[in-house]
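The structure appears below as structure tokens.
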Amino acid sequence: MKDVTLGLVGVGRIGVMHANNISALNDVLNPQGINVRLKLTDVAADHARSVAATIGAEFLASVEELIASGVDGLVIATGTGTHPDLIRTGVDAGIPVFCEKPVAMNVADSTPVLDYIRDHGGTVQIGHQRRFDAGYLEAKRAFTAGELGWIHSLRAVTCDMTPPPVEFLAGSGGLFRDCSVHDFDILRWLTGREIVEVYAKGSNNGDPAIGEVGDVDTALALVTFDDGTLGTVSASRYNGAGHDVRLEIQGSAGSLLVGLDEKSALASAEAGVMFPSGESHKTFAERFDQAYRSELAAFVELILGERDNPCTPEDAVAASRIADAAQESLETGLPVRVTLAARNQGSRS
Ligand SMILES: NC(=O)c1ccc[n+]([C@@H]2O[C@H](COP(=O)([O-])OP(=O)(O)OC[C@H]3O[C@@H](n4cnc5c(N)ncnc54)[C@H](O)[C@@H]3O)[C@@H](O)[C@H]2O)c1
């Protein structure tokens with residue numbers, strides 16, 4: 001049996017979910033001859049101690065103690081602003097790092113992190129879990145096989161049922177960087193193409209506190225790919241029907257809709273149509289349960305040198321570059337070009 005000890009830093013909204021998923025990994029990995037152990041830390045020590053006790057993990061008082069105690073990989077699930085320093089800490093320790101998206105608050109803050117990882121030979125996987133979701137994987141397969149013909153439209157949707165706490169939103173970088181960045185990543189990953197222009201709008205009709213911290217509660221971005229294909233990326237924090245994540249791909253030979261199943265947060269207006277009839281997903285944790293487990297299993301395999309990195313920091317920053325351009329477009333009211341040269345900010349068209 002190969003033993004792998006993961007050190008988790010941050011057990012907030014997503015960190016608790018990762019802690020539970022890591023604890024459950026052995027059901028899948030033990031039959032493959034891999035045994036995973038978990039150690040964790042959080043600046044909210046009492047909370048972290050109780051999470052550790054609940055799932056049978058070891059609590060350490062700080063990241064430094066966590067690393068000194070001996071871990072084979074670091075899992076970072078703290079707020080976005082802390083990612084750069086913690087990624088460097090993991091790279092300095094010479095261990096592979098899994099870090100929640102995004103690498104940093106924006107591309108300008110991400111670029112030195114990319115340089116650091118490259119200069120120090122670090123291995124860092126970023127948590128864009130949709131790359132492991134069965135529906136997105138099938139869409140990529142069908143797209144790549146040419147089964148849909150040439151694509152005329154892509155429509156991506158990510159809607160939370162209720163907003164996260166305003167304190168979280170204040171440090172999130174905004175709706176495009178926090179939420180739509182998943183869609184920007186998946187559009188690049190699925191099509192293998194680059195988005196070259198973004199034109200974005202946003203609105204605030206929910207809690208005024210969201211506007212007061214400089215964010216919008218609903219937004220729409222029109223994106224243009226490098227071959228001229230058009231797409232839209234839509235997001236909201238107020239989707240009463242449930243947590244709604246979809247991608248509609250329409251081509252000359254066929255269409256596919258990722259996220260259309262019995263649990264879709266949709267209702268038909270047509271008489272006699274009962275589909276979808278199931279209880280909708282309420283949270284991202286429910287919607288992507290399988291994907292979150294799979295990405296951590298992949299991280300364990302990455303630590304063991306048994307697979308390639310499924311989401312590099314360069315991939316994640318490419319998605320962040322589109323998010324930065326969308327944010328700039330939202331603020332200026334103008335379309336923004338997304339160019340590789342504009343590493344620190346999108347340039348206006
Ligand atoms: N992949 C996804 O679908 C997804 C979903 C939600 C959040 N996220 C990302 O996960 C990250 C965390 O989001 P969240 O909603 O869980 O935030 P959160 O505020 O609920 O939790 C963050 C936790 O980190 C702890 N913390 C902060 N700084 C620390 C430090 N230096 N050392 C130790 N602990 C520290 C806090 O005490 C808190 O418990 C964000 O970067 C966010 O973008 C990703």
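The values are calculated or read from the model by the stated rules, or taken from the named source; none is laboratory data. Here the structure is a predicted model, which means the values were calculated and not measured. Note that we place each Cβ from the backbone using ideal geometry, even for glycine, and neighbour counts take in every protein chain shown. Areas reflect the complete protein model, heavy atoms only, side chains present, ligands, DNA and RNA absent. Shrake-Rupley method; radii C 1.70, N 1.55, O 1.52, S 1.80 Å.
See the values below:
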| read-out | value |
| --- | --- |
| 0 to 90° range, to nearest 10: angle between helix 181-191 axis and the chain longest Cα axis | 70 |
| The chain: angle of helix 83-92 to the longest principal axis, Cα-based, in degrees nearest 10 | 40 |
| Rg/Rh ratio calculated on Cα atoms of segment 154-204 (Kirkwood radius) | 1.00 |
| Prolate/oblate/rounded call for segment 19-76, Cα gyration tensor, a/c under 1.5 rounded | oblate |
| Size of segment 120-223 as Cα extents on the principal axes (Å, biggest first) | 46, 41, 26 |
| Peptides 101-107, 20-26 ordered by average Cβ neighbours within 10 Å, highest first | 101-107, 20-26 |
| Cα-based Kirkwood hydrodynamic radius, segment 274-336, one decimal, Å | 15.2 |
| Simple label model, 7 Å out from Cα along Cβ direction - D308 to A142, nm | 2.5 |
| FRET efficiency, 1/(1 + (r/R0)^6) with R0 51 Å, evaluated for S252 and D207 via beta carbons | 0.75 |
| Surface share of carbon and sulfur [accessible, 1.4 angstrom probe, percent] for segment 31-138 | 52 |
| Cleavage-rule hits (chymotrypsin sites (Phe, Trp or Tyr not before Pro)) in segment 83-151: DSSP loop, at most 13 neighbouring Cβ within 10 angstrom | W150 |
| Accessible surface of segment 177-223 [probe 1.4 Å, protein heavy atoms]: carbon and sulfur percent | 49 |
| Rounded to 10°, Cα long-axis angle of helix 313-332 versus longest principal axis of the chain | 50 |
| Viscosity 1.306 mPa s, temperature 10 °C, Stokes-Einstein D of segment 46-102 from Kirkwood C-alpha radius, µm²/s | 131 |
| Three-way shape label, segment 159-276, alpha-carbon gyration tensor, a/c 1.5 | oblate |
| Accessible area of the chain divided out per residue, in Å², using a probe of 1.4 angstrom | 42 |
| Cα point-scatterer Debye curve for the chain, base-10 log of I(q)/I(0) at q = 0.08, 0.13 Å⁻¹ | -0.39, -1.05 |
| Average Cα contact separation per residue, segment 260-303, under 8 Å, 6 or more apart, as relative contact order % | 30 |
| Sum of -39500 (n - 2.57) over DSSP H runs of 4+, divided by residues of the chain (222 nm, nearest 500) | -11000 deg cm²/dmol |
| Once exposed loop GluC sites (Glu not before Pro) are cut out (DSSP; at most 13 other Cβ, 10 Å), longest piece of the chain | 1-146 |
| Within the accessible area of segment 247-316 (1.4 Å probe), percent carbon and sulfur | 50 |
| Whether segment 1-151 is rounded, prolate or oblate, judged on the alpha carbon gyration tensor where a/c under 1.5 counts as rounded | oblate |
